[in-house]
Amino acid sequence: MKGPYDMGHLIANYYETGAIILFGVGFVTLLAHGNLIKKIIGMNIMDTAVFLFFIAKGYISGNEAPIIRSAKPASGYVNPVPTALMLTGIVIAVSITAFALSLTIRVYEKYGTVDLNEIIKMGGE
Amino acid sequence: MAVYNSYPLVIILVLFISAFAIPIFKSIKAARTIGISAAGISFVLSILTLMGVKENGAYYFRVGHYDAPWGIEFHIGIIEGLMGVLFMTVSLAVLWFSIYSIDHDLSKKKVPLFYTLVNLLVGSLLGIVFSDDLFNCFVFIEISSIASCGIVVVKDKKENIKAALKYLILSSLGSGLVLMGIALVYSLTGHLNMPHIHEALVSIYPEHSRNMLIAIGLFTVGLGVKSAMFPLHTWLPDAHTFAPASSSALLSALVLKAYVILYIKIIHRVFGMSIVGELPVLNIVLLLGAVGMIAGSVLAILQKNLKRMVAYSSVAQMGYVFFGIGLGTTMGLAAAIFQIFNHAFTKSALFLSAGSILEKTGKKNISDLKGVGKEMPFTMAIFAIGGMSLVGIPLLSGFNSKWNFAVAVIEAHRVELLAVVLISSLLNALYYFPIIINGYFGEESLEGKVYRNTERPIKELLPVIVLVLGVIYFGVSGGGLLSLIEAGIPALN
Amino acid sequence: MKFLALVPIVFPMALAAGMHFIEFKNEKHRRAYLFGGVFLNFIFAMMVLSTAQPEMHILKINDFMEIYFKVDGMSKLFLAMTSVLWIFTTAYSFDYMNHEGKEQKFFTYFLVTAGVIVGISLAGNIFTFYIFYEFLTLSTFPLVIHTGTREALASGKKYLIYSFSGATLVLLGMILLFSVTGNLEFMPGGVLQGFAIGKRLTAAYVILFLGFSVKAAMVPFHSWLPAAMVAPTPVSALLHAVAVVKSGIFALVRTTFYLFGAEAVKAMHVRGYLSILIVLTILMGSFVALHQENLKKRLAYSTISQLGYIMLGILLLNEDGLTGALLHLINHAVIKITLFFCVGIIMYRTGYKTIGEIRGIGKKMPITMGCFSIASISLIGLPPSNGFVSKWYLAMGGLQENRAIFVVILLVSAILTAGYLLPIVVTAFFPGEMERELVNKEPPLMMLVPVLMLTGITVVFGLFPNYILHFIQNISRSLI
């Protein structure tokens, strides 16, 4: 994207634009909601948005997925790097989600609620 | 290629493999043996690496024999070597100490888990420091996030879970921002390997300066959350207070530092001063660092819980590091890195001794700790030395650190900021000294206390004594370290 | 042999540590250990002072930070004075602390402070000086709060806050100075050769002056001193005559003449403003002393006032003024220690603390009160006492600067000094109608002998000042 963001560019790159909007959504969800589950969902949305952005960046229209069936010059394939990286990223996001969810379960056991604001109020040493 | 070139990778591998191996053996003894011997081996290797780098200069190590930019590379210069030694020294001391203290905090089942997590944590932190590939760094960042949340929650109390959750959420926020930053940089340059990114960025700078500003902003906020830059530090007090003493020591001393090192690398290696110098980022970092230095101390003064106070003190001390980075000069950077060393040794000693005191006396609040100097003179002495170092008493590393910042400030022609440095050290006195004084002096306080009643045996205090010796050593001969750091900075770029 | 300088610093600290491990058979053994140790340290100090190699670079951390000792006229003066007075105080403390209690703790920090003072005397650059200056605060703090009462702790806290704030100012000034000159060494005439006196240097000087003047109890930084009177008398004597306040003065001398140089300070045009504070100190100290009932507090405010004289002499920036200042540094130390020791003897024997209580005590403690009287006369500045000699030179210095006002101030405060000291003497010797039955209560010899010797020094220096005078004049000449 160059220079001032004109609408033509934004619409042409709709994946990236969508990804950034999603990122914003996830970010706000993460921060604004008190409910822990919603926070985790927001985190997931945010991460997914970044994955989308990344993968979209790697897409070259007209090219094939990077799996070699018949020999083609490198320019015939989509950029394989982002997809590989994002696989890693997805795995990471899944593990963190799992960890966060298990912690949430423990929190629910101990505090009886999953609302973070209430939990903070309950405090207690 | 010399032998030591592969050591950084070996260190990380050793630490990770031991972390995976520990759960196989169910016994605590096995966990300890494996964990600590792995740390010991890594310690030795890190020293050898540093010595090698000092002799022969910085080098690139390709992992898997693929050249960059397709393969992942490690770049080991003096700074990275120093960080390696620092991390291994502190973690070895903490692990050693944990042999005696961790049983108090954790249930028997969880102890092996602790050692696993610690090794994972240190390994991933070293990965962040060593790696020259941005995405590789990201992977290590995530591993360290989980591991550091893990060492908070390995103690099974409800405050811990709350604190760990808060930490995890904010940490993920930070990671998400960093990932977005990486994505932005990749979309601009098509590279993930730092020197290559740098070349590309420099050539396309004029047209894309706004994007680069956004990227730097993302990295700043993202890494700032994870390294407790004010005002993004809010997760720190809870996490560091409720975690077991050994965990708090590791969190304050090491975890925060690795992210700062990455930030330094991003500023200087990926973007470079030619770009960053034109953007207002460093001034903002400087400002936030300065505010953090003062606000952290002010908040610490208001605390009643001992560990919480030490935690806020960490926020203040990290403020110094950002202050140094924000100055934008070589001397400022050197002062910041020296402060990293200083704080790592001092804070770990403080947390371990504070943890000892809380464990042995069973009390948490500062007001309950009167006269503890008579009951636990040695532990209190260690705390006192740590506190005095942060206040800036000469012959201790904290004083050298403050002097370095003062010199850096003057060299950068911003003499007004000198006042900030000095005021903040004075503020430190306001919360450390009362503890030391009430601990050792005062008739009312000492009434009814028996000498060395609840003291830890010296054998158990040895690791903390080692850390304190580090504080004194860097206080007396910090010049050597400083010149080493200054020599290593050019290699960062 | 350059590490010889470390001996009189480390030896007392080793003695202090040793005290905790050695089992003394009885009190006498401990006293012998202590006195022998302090005396031996005096010998070590003299050995260091007579070394052929006056410059000792001990440890260089980097360009800014170096531990460096140097033996020159000022260090000889300060070290000799403090070592001798330390011996007297040690002897005096034996019996006094016996009465007070917790000798072990007292003598530990007493010894450590002795070592720190040697470091201050020998410091060859302001960085080394600063290190030992900080340590001085740390090592004297436990002495101030020795009694452990709430009041003592509060005074100790005040002491710490004032001292550390002052030290922070000093650090700031040091850094500013270094940023211009790159050199922190003490050289006669200063290290500013070739540097223009700009705002930064002026700021550095003023900040350093203010920072050091906290320990020198200049108004408005003085209130820690009367508060610290809650400490046992040997501590008050030590703090007020020897260690802490004179270290502050010593620092001012070093800063003004050995870092900046008289010429530079003259060019800065800040003397006027600083002098206002100093004159305030002199006058206020004397005025408030007039109103104090508590003897020790009265002597404390007297000290504040007398230190003002010395600071004034320094700022006159001429040879006579400096001579007078340095002379008064020594004379006031001797006189004040004598006065405090006498007051301490009264407290030790009778428990009386205020001027009202000591009516008629002169009859029962004639020697003690006699010494007090002689010391008082000296402080007022009447010939043939040593106080007279130092005041004479201060007045000369003032006249040389064409400031007759200083002479007037000296006279006025001399009258005030008489006003707050003579009533003590009079009350002690002339009780008027209130005769009381008191047993002859002169103190034990170990306390009396130091007092007598100190009084003797006062008289001798008054009658035969020449040796010290010439020594000091040499120093002054080399600096102006």
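How high is the FRET efficiency from B:Lys26 to B:His413, r the C-beta distance, R0 41 Å, rounded to 0.05?
0.10
So which aspartates and glutamates pass the test for C:Lys70, namely a Cα distance under 14 Å, with those fewer than 8 places away in the same chain ruled out?
Correct list for C:Lys70: C:Glu55, C:Glu185.
Tell me the Kirkwood radius of the stretch B:218-264: reciprocal of the mean inverse pair distance over distinct alpha-carbon atoms, in Å.
One decimal place: 10.8 Å for the Kirkwood radius.
Hey, if you put +1 on the Cβ of every Lys and Arg and -1 on every Asp and Glu Cβ in the protein assembly as shown, which of B:Ile385, C:Ala264, C:Ile278 ends up farthest toward the positive end of that dipole?
Of the listed residues, the answer is B:Ile385.
Which of the trypsin sites (Lys or Arg not before Pro) found in the stretch B:86-151 are in a DSSP loop and have at most 13 neighbouring Cβ atoms, other than their own, within 10 Å?
Details: sites: B:Lys108, B:Lys109, B:Lys110; in loops: none.
Here no trypsin sites (Lys or Arg not before Pro) fit, given the DSSP loop and packing criteria.
Give me the summed buried accessible area for the B-C pair, 1.4 Å probe, to the nearest 100 Å².
The buried area between B and C, both sides summed, comes to about 2700 Å².
From other protein chains only, count the Cβ atoms within 10 Å of every residue's Cβ in B:179-190, then give the mean.
6
Quick one: net charge of B:Glu73's neighbours, Cβ under 9 Å, K/R +1, D/E -1? Don't skip to the answer; put the middle values down first.
Details: positive: B:Arg62; negative: B:Asp67, B:Asp132, B:Asp133.
Summing Lys/Arg as +1 and Asp/Glu as -1 gives -2.
Cα convex hull of chain C: how many Å³ per residue?
Dividing the Cα hull volume of chain C by its residue count gives 132 Å³.
Give me a single rounded figure for C:151-164: the average over its residues of other chain Cβ atoms within 10 Å of their Cβ.
Values: counts 0, 3, 7, 0, 0, 3, 3, 0, 0, 4, 4, 0, 0, 8.
That works out to 2 on average.
Going toward the positive end of the dipole of the protein assembly as shown, with +1 on Lys and Arg Cβ and -1 on Asp and Glu Cβ, which of B:Ala344, B:Tyr205, B:Ala429 do you reach last?
Value: B:Ala429.
In whole Hz and in residue order, list the ³J(HN,Hα) couplings for the stretch B:78-85 that follow from phi through the Karplus curve 6.51 cos²θ - 1.76 cosθ + 1.60, θ = phi - 60°; x for Gly and Pro.
Taking θ as phi minus 60°, the curve returns 4, 4, 5, x, 4, 4, x, 5 Hz for the stretch B:78-85.
Per the Kirkwood treatment, what hydrodynamic radius in Å, one decimal, follows for the protein assembly as shown from the mean inverse distance over all distinct Cα pairs?
Working: mean 1/r = 0.0311 Å⁻¹.
About 32.1 Å, per the Kirkwood formula over Cα pairs.
Using a 10 Å cut-off around each Cβ of peptide B:167-178, what is the average number of partner chain Cβ atoms that fall inside?
For this peptide, the per-residue mean of nearby foreign Cβ atoms is 6.
Could you give the dipole magnitude of chain C about its Cα centre, charging the beta-carbon of Lys and Arg +1 and that of Asp and Glu -1, in debye to the nearest 20? Mind dumping the intermediate values first?
Working: 34 positive and 22 negative charges, 85 e Å.
Around 420 debye, computed over chain C.
Need one number: nm distance between label points at C:Phe21 and A:Leu31, each 7 Å from Cα along Cα→Cβ, rounded to one decimal.
6.1
In debye to the nearest 20, how big a dipole does the stretch B:224-375 give about its Cα centre with +1 on each Lys and Arg Cβ and -1 on each Asp and Glu Cβ? Each step should come with its number before you reach the end.
Numbers: 13 positive and 5 negative charges, 73 e Å.
Magnitude of the dipole: close to 360 debye.
Which of these, A:Ile90, A:Ile60, A:Ile68, has the largest mean-square fluctuation under a Gaussian network model of chain A (Cα springs below 10 Å)?
The residue with the greatest mean-square fluctuation here is A:Ile68.
What is the ratio of the Cα radius of gyration of the stretch A:3-125 to 2.2 N^0.38 Å, with N the residue count, to two decimals?
1.44
Please go through the stretch C:1-101 and write out the chymotrypsin sites (Phe, Trp or Tyr not before Pro) that DSSP classes as loop and that have at most 14 other C-beta atoms within 10 Å.
The qualifying sites are C:Phe24.
With the convex hull built on the Cα atoms of the stretch C:103-195, state its orientation-averaged projected area in nm². Please list the in-between numbers first.
Details: hull surface 26.1 nm².
Result: 6.5 nm².
Using helices alone, I'd like the mean residue ellipticity at 222 nm for chain B: each DSSP H run of four-plus residues gives -39500 (n - 2.57), total over residue count, nearest 500.
Values: 20 runs with 376 residues, N = 493.
After summing the helix terms and dividing by the residues of chain B, the value is -26000 deg cm²/dmol.
To make sure I understand the rule: partners must be lysines, Cα under 28 Å from the Cα of B:Lys54, and not fewer than 8 residues away in the same chain. Which ones qualify?
Counting by Cα, and skipping residues close in sequence, B:Lys54 has these lysines nearby: B:Lys257, B:Lys265, B:Lys347, B:Lys402, C:Lys60.
When 1/r is averaged over all different Cα pairs and the result inverted, which Kirkwood radius in Å belongs to the stretch B:255-334? Don't jump to the answer; show the numbers that get you there.
Details: mean 1/r = 0.0757 Å⁻¹.
Every distinct Cα pair counted, the radius reaches 13.2 Å.
What FRET efficiency, computed as 1/(1 + (r/R0)^6) with R0 = 45 Å and r the Cβ-Cβ distance, is obtained for B:Glu278 and C:Val10, rounded to the nearest 0.05?
0.25
Which percent of Cα pairs goes in each bin when the distances of the stretch B:280-493 are cut into 5 angstrom slices starting at zero?
Calculated P(r), rounded to whole percents: 1, 8, 15, 19, 18, 14, 10, 7, 4, 2, 1, 0.
What number comes out for the charge environment of B:Gly480, summing +1 per Lys or Arg and -1 per Asp or Glu over other residues with Cβ under 13 Å away?
Value of the local net charge: +1.
Compute, for the stretch A:1-116, the length of the dipole vector about the Cα centre, with Cβ point charges of +1 (Lys, Arg) and -1 (Asp, Glu) only. Units Debye, rounded to 20.
Computed about the Cα centre, the dipole is about 180 debye.
Highest first, please rank the peptides B:341-352, B:27-38 by the mean number of other Cβ atoms sitting within 10 Å of their residues.
Values: B:341-352: 29.6, B:27-38: 18.2.
Result, highest mean first: B:341-352, B:27-38.
Find which of C:Leu416, C:Asn466, C:Gly356 sits farthest along the positive direction of the dipole of the stretch C:270-480, computed with +1 on the beta-carbon of Lys and Arg, -1 on that of Asp and Glu, about the Cα centre.
Among C:Leu416, C:Asn466, C:Gly356, the one farthest towards the positive end of the dipole of the stretch C:270-480 is C:Gly356.
Around C:His332, what is the net charge, scoring Lys/Arg as +1 and Asp/Glu as -1 over all other residues with Cβ under 14 Å from its Cβ?
+3
Could you check how much of the accessible area of the stretch A:7-122 is carbon and sulfur, as a whole percent, using a 1.4 Å probe?
69
Scan chain C and report its longest stretch carrying no GluC sites (Glu not before Pro) that are both in a DSSP loop and have at most 13 other Cβ atoms within 10 Å.
For GluC sites (Glu not before Pro) (loop position, at most 13 other Cβ atoms within 10 Å), the longest site-free span of chain C is C:24-292.
Using the C-alpha gyration tensor of chain B, what are the square roots of 5 times its eigenvalues, in whole angstrom, with the largest one first?
Gyration-tensor ellipsoid for chain B: 35, 26, 20 Å.
The values are calculated or read from the model by the stated rules, or taken from the named source; none is laboratory data. Worth saying up front: this structure is predicted, and the values here are computed from it rather than measured. Don't worry about glycine lacking a Cβ; one is built from the backbone with ideal geometry, like all the others, and counts go over all protein chains shown. Accessible surface areas use protein heavy atoms only, side chains included; no ligands, DNA or RNA. Shrake-Rupley method; radii C 1.70, N 1.55, O 1.52, S 1.80 Å.
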